[in-house]
Amino acid sequence: MDIRRQMFSATPLQRNLYSASVDRNLAMRRISSGLRINSAADDAAGLAISETMRAQIRGLDQAFRNTQDASALIQTAEGGVASINEGLQRIRELVVQAANDTYRSPEQNTRNMIQIEIIQRIAEIEFVARQLQHNQITLLDGTLSRSTPSPSASASPLGQIQPFWRVASLYQAQMPVPQNGQVSSVQPASTPTQIHLYSLADGMGVAGEWNFNNGVLTIENDGVFQINGGISTNNRIVVNSGVNADITLNNVTIEYAEGAALDMRGATVNLRLVGDNMLATSDTAVGSAGIQTTGGHLTISGTGRLYAISRVGGAGIGGGSTGLLGGAGLAFGEDGGTIVINSGTVRAVAYGGAGIGGGSGFISGGTGGNIYIHGGTIIAQNYRGGAGIGGGAGAGGSGGNITITGGTITATGGTVQPGAPLQGGAGIGGGWGGSGGNINISGGTINTTGGNYAAGIGGGWGGGGGTVNVSGGIVNSTGGRDAASIGGGIGGAGVDMTISGGLVQIGIGQWVEGSVDVQGGNFSIHDPDLVTNIHHGGDSAFRIQITLQHANGSSVPFGPHMPVTYTVNGMTINAITDSDGNLFMYLPEDFSGNVQMTFDGRTFRGQLVVDPDHGNQLVLTRDYEDGGFIGTRPNPNGRTLHFQVGPNSGHSLFLNIEAMDARTLGLVDERGFSIINVSQDAGASISQQLQILDSALSHVSREWAMLGAMQNRLDFIARGLDVVNENLSDANSRILNADMAMETGRLARANFRHQASITVLAQANQASDRALWLLQDPQPQALN
């Protein structure tokens, strides 16, 4: 018997037993955990893939919850918008009610009751806009708007909306006037003196305050006045020199006044417009302005309209004319004084003097004085040689300094009547023979047309232009016959013009007389060859048109008059596209650098090397691809909410919500006073305020629709996340989870092998033991 052979035969049996034990343990571990991969040793590559998928799945789960949270925020904002909308609807209903003249009464008591509810509704709108929050995020106060909210967006003190019908609260008797003419702060004043012109008779008045004699209403001392109703033909209003008066014109009509309809020479007048008002001179009021301001300071504001007209020699609003040696001729034009327009609709027409500015004269025209326009709608026209805004007709009818920060302005310079030499005034600047003053434009929309041989902006016939600085707004200028669009009139020197923002647009056949330094903005010229003296920082400039291209190669068009922000070598430029959607930049010919542009929430980048071979065109390509859940990129100038709606970086949505406060909706002014005023006698004037409410409702409806659209988008994304999560979980399950049927079979086989190995090994051990037993006793023992 070969003992070695018997012993070695047990080794493979032990190996088989170990293998069966491993298989059985593996099968039991997979069945008990339900996972095919329980450690990296099971499947290292599969584990790596599975963990990547698991990160995506958990991210998808959280992204789904994020969309629900975002929807909750939007629902909160939508509830606030709905509340504001309901308040606006009620205010509009009340205005419609009050506009019916069945409520008319001179004391306005009936309509005051309606105004009380309007004030409370406006205060509630303000409260909702300021206080509505979601997790301490204020939603409707403008902090989430597409651009940084201006200080005015939070100017109205919460819960302190002031009622318009308390006219006593509108003005301050001694109102400070800063250098630029804007009223920066207004404190409550005493109760205004009410003057009902439709019931005045000679001899009426309050001693020391006002009187009415011989058809002249005279304001004698400082005070607050409200003038209601119309004045019959030939009557006038006079504010004595040195008086500081706050005057509300409430549907006042003066036609064919013998002299200035409102004579305020040497006085300070803060004029508030309510309803429709007309101040006009007669055909025989030689040299008088509609509103004569020489040596005075006039501020115009309010929501109403004013038509100021001078028919012979004076300005619509501004200076008149003086006679020569006591005669009736128009010898010297008077200056315009200081004129400030903050709001309202103003139309100023003159036959000789400026529409707004200096009066006319044969020897010399009056200068325009300092003119500030901060808002409102202004139409200024001249028909006989003066500027639309600026100097009056006559040699030396120069424009004063003119500052425009807002509003919509149309200014037309005059041409001498048919049969006379064709000599004209600028749209804005100097009158016939007069140079333009310094003009600064930082906002608003300005359309100007010069008279014959006069510039659209600058000098009149024979007069040069001053300096013109444009840092914002939209300027469209057209020169008169044979005159520059911007510069001097024929025979006059040109301007020094600087453009640093906004848009300056010049039409077909138009040019600039003088030099233009384009530091930013958009200078659009239909015929660029006609404008040769263009610089950038003192160097000759090269004109380049900017076009946009998506990363996929498709073009991205600009729209007309759209704000565009772009950066050139770190310098940020704010511009506005022209009426055809074109955008130009002017840079030195040796310039090279990086250009980045933010437009409509999208960012474009490009490398610029100025070279005529580029065809005067810079193509900027969008710097990222749309894909997945990528939404509109945020405007860096404003605060934007970011929603993470996917598992990876870039799976984002961005949300802006425009302000819904009373100031933004146009319901209160910068001081917190209600603009909606139904405490008037004329229902027609009240009815016109419906336009304000319609505009407010349109703003609210637009934002409401945007919130609804965003919520629908989030719902769509949530459903997509659910589907992606399900499919990705299935894919991960196929990699990670155990096949229970297969593992059960594996366990059964492993158990059978394990039991068989133990049995065979036991038998092998028994055979070995028997052999050893035989070797221990070679002689069999005798049996007892």
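The residues of the range 190-250 have, on average, 40 Å² of accessible surface per residue, using a 1.4 Å probe with all protein chains present.
At a probe radius of 1.4 angstrom, the accessible area of the range 259-298 per residue rounds to 20 square angstrom. Peptide packing: for 376-384, 425-433, 124-132, 215-223, the average count of neighbouring Cβ atoms within 10 Å per residue gives the ranking 425-433, 376-384, 124-132, 215-223, highest mean first.
Working ranking of peptides 443-453, 679-689 by packing, defined as the average number of other Cβ atoms within 10 Å per residue, highest first, is 443-453, 679-689.
The accessible surface of the range 672-714, taken with every protein chain in place and a 1.4 Å probe, is 56 percent carbon and sulfur. By accessible area, using a 1.4 Å probe on protein heavy atoms only, the range 460-567 has 50% of its surface on carbon and sulfur.
Placing a label point 7 Å from the Cα of Ala72 along the Cα-to-Cβ line, the residues of the range 122-146 whose backbone N sits under 18 Å from it are 132-139.
The values are calculated or read from the model by the stated rules, or taken from the named source; none is laboratory data. Computed from a prediction, not measured in an experiment: that's the story for all the values here. Cβ sites come from the backbone with ideal geometry, for glycine too, and all protein chains shown count toward neighbours. Quick note on the areas: whole protein, heavy atoms, side chains included, nothing else; ligands and nucleic acids left out. Shrake-Rupley method; radii C 1.70, N 1.55, O 1.52, S 1.80 Å.
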